[in-house]
Every structure is written in C-alpha cells, then in structure tokens.
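Structure first, then comments.
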Amino acid sequence: HATWNLLAKRAADAGPTFVFVFTFVAMVVYLPWTLWLLFHGESFWGWQALLCIAVSGFLHLIYNLCLQRGYQVADFSVVYPVARGSAPLMSSVGAFLLLGEQPSVYGVLGLIAVVVGIALISTQGNLASFKEPGAHKGVQWGGLTGIIIASYTLVDAFGVKALLIHPVVLDWFSNSARLLFMTPWQWSARHRVRERMRGKWALAIAVGMLSPLSYI
C-alpha cells in the first residue's frame, strides 16, 4: 500500500489522467481473476449490490482525485499519514454507529494510539509543526482523504459482509464504475493524455497492479 502511494506521488502532476490510466490497467490485470470467480458461482446481482458498487466506485474516484491533489500541493510525509491515520478512527466510529459493531475498551484505546502515533510520525515528534503554513494543506487534504476512505470502507464493508459480494468482484466492478464516471471527462481532454503521462506509464502499470491487491 505504501509502495503504490509512493509511486502515485511521483506521478502527482498527471492528476486525474493518471487515475484514469491506472484504473484501466487494474481492470485489465484483474479481469481473469474476476471472471474465474464469476464462473465458479460468485454472484452480486440485485439492486442493492449494483447500488453498492456504484456508490463504491464514486467514492473511490473521489478518494483517488483527492489523494492526487494532496500529493500535488503538499508533502507525502504529511498527506499519507494523516489520511491513513484518520481513516481508521472515522471508519470504526461509523462501524459502531451504522453497522452495529460493538466497541471494546482495548479497541478504542488502540484506535487512539494509532491516531496519536501517526501524528507523531508525520511531524517527527514535533506536533507544533502542524501550525506551519505548508503543513496546513497537507492536513486539510489528508483529512479530507481520510473522510473519503472511511466512507468507502463502510460502503465496501456493507457490500462484503451484508450483501456477500466477493472482495475481488466488488473491487473490479467498483473500478469499472470509476472508469465509467471518468471516461467522458478524460475523452474531452484526450489530446493531453500523452503529454500528461510522459514518463509515467510504468508508474501507472505498477499502481494499477498494486493498488487493488493492497485493498483486496
């Protein structure tokens, strides 16, 4: 997970075009696995499942766009830890409130420890550095990304746990929805794809392979 984020940071200036390309790569790479599962009886049909996939695809799209924007305007060492550290706290609270999961004292203390640890790591122990102007953007984009992560985590958890959609199938069709949402937008700017992706094709292939695998 950290590896594909480091690679995505290197392609941050490609913005949404990079997201579109690596999503397409992910669909191609994981298609055989998805088809194998569907052939062997995995099913997700029904309006609830289709709605879950559509919402998941939309949230994952917003997540990737926010993440790429954060990497454009702020340091990786702030955006990534803040996003990944805040998301577990928010998603766990959502699971307690929406999915009926029961919190334990040790679980809550663990979540707090994770958030505090992430804050210490991203500031190298100097929490006052969050007050620096450059860190504000990182915290803002990291925090927004964390909210989106928590949102798609709850939606996908519902899809896997309640609707019994296989994680690989859910992720592949979620990527399909994301690509569908982006296609009209990217088609209108298709003449700039080569320019924006110059020197970044290998990064897109790597992220397209690693990102779904880390999430699945």
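Structural remarks
- Where a label projected 7 Å from the Cα of Q72 along Cα→Cβ would reach, residues of region 1-42 with amide N under 13 Å: 11-20
- Cα-centre dipole for region 106-216 with unit charges at Cβ (Lys and Arg positive, Asp and Glu negative), debye to 20: 500
- Taking a point 7 Å from the Cα of W201 along the Cα-to-Cβ direction, none of the residues of region 5-45 has its backbone N closer than 13 Å to it.
- Solvent-accessible ranking of T145, T153, T3, largest area first, probe 1.4 Å: T3, T153, T145
- Heavy-atom accessible area per residue - the chain, 1.4 Å, Å²: 53
- Scanning the chain for DSSP H helices at least 24 Å long along the axis (C-alpha atoms) with a Kyte-Doolittle mean no lower than 1.0 picks out 16-39, 76-98, 105-123.
- Residue among S56, S77, S91 with the largest mean-square fluctuation in a Gaussian network model of the chain, springs linking Cα atoms under 10 Å: S77
- T183 paired with N126, simple spin-label distance in nm, labels 7 Å along Cα-to-beta-carbon: 5.0
- Most fluctuating residue given options L179, L38, L154, as computed from a GNM of the chain linking Cα atoms under 10 Å: L38
- log10 of Debye I(q)/I(0), alpha-carbon scatterers only, for region 17-151 at 0.10, 0.14, 0.15 Å⁻¹: -0.46, -0.82, -0.91
- Accessible area of the chain belonging to carbon and sulfur atoms, whole % at 1.4 Å probe: 69
- At the residue level, D13 shows approximately 110 square angstrom of accessible surface with a 1.4 angstrom probe and all protein chains present.
- P(r) weight above 19 Å for region 79-174, C-alpha pairs, percent: 50
- Projecting the Cα atoms of A54, A11, L164 onto the dipole axis of the chain, where Lys and Arg carry +1 and Asp and Glu carry -1 at the beta carbon, places A11 farthest toward the positive end.
- Listed residues A119, A162, A54, most fluctuating in the chain (Gaussian network, C-alpha, under 10 Å): A162
The values are calculated or read from the model by the stated rules, or taken from the named source; none is laboratory data. Remember, it's a predicted structure, so these values are computed and weren't measured experimentally. Virtual Cβ from ideal backbone geometry, glycine too; neighbours counted across all protein chains shown. What goes into the accessible areas is simple: the full protein's heavy atoms, side chains included, and nothing from ligands, DNA or RNA. Shrake-Rupley method; radii C 1.70, N 1.55, O 1.52, S 1.80 Å.
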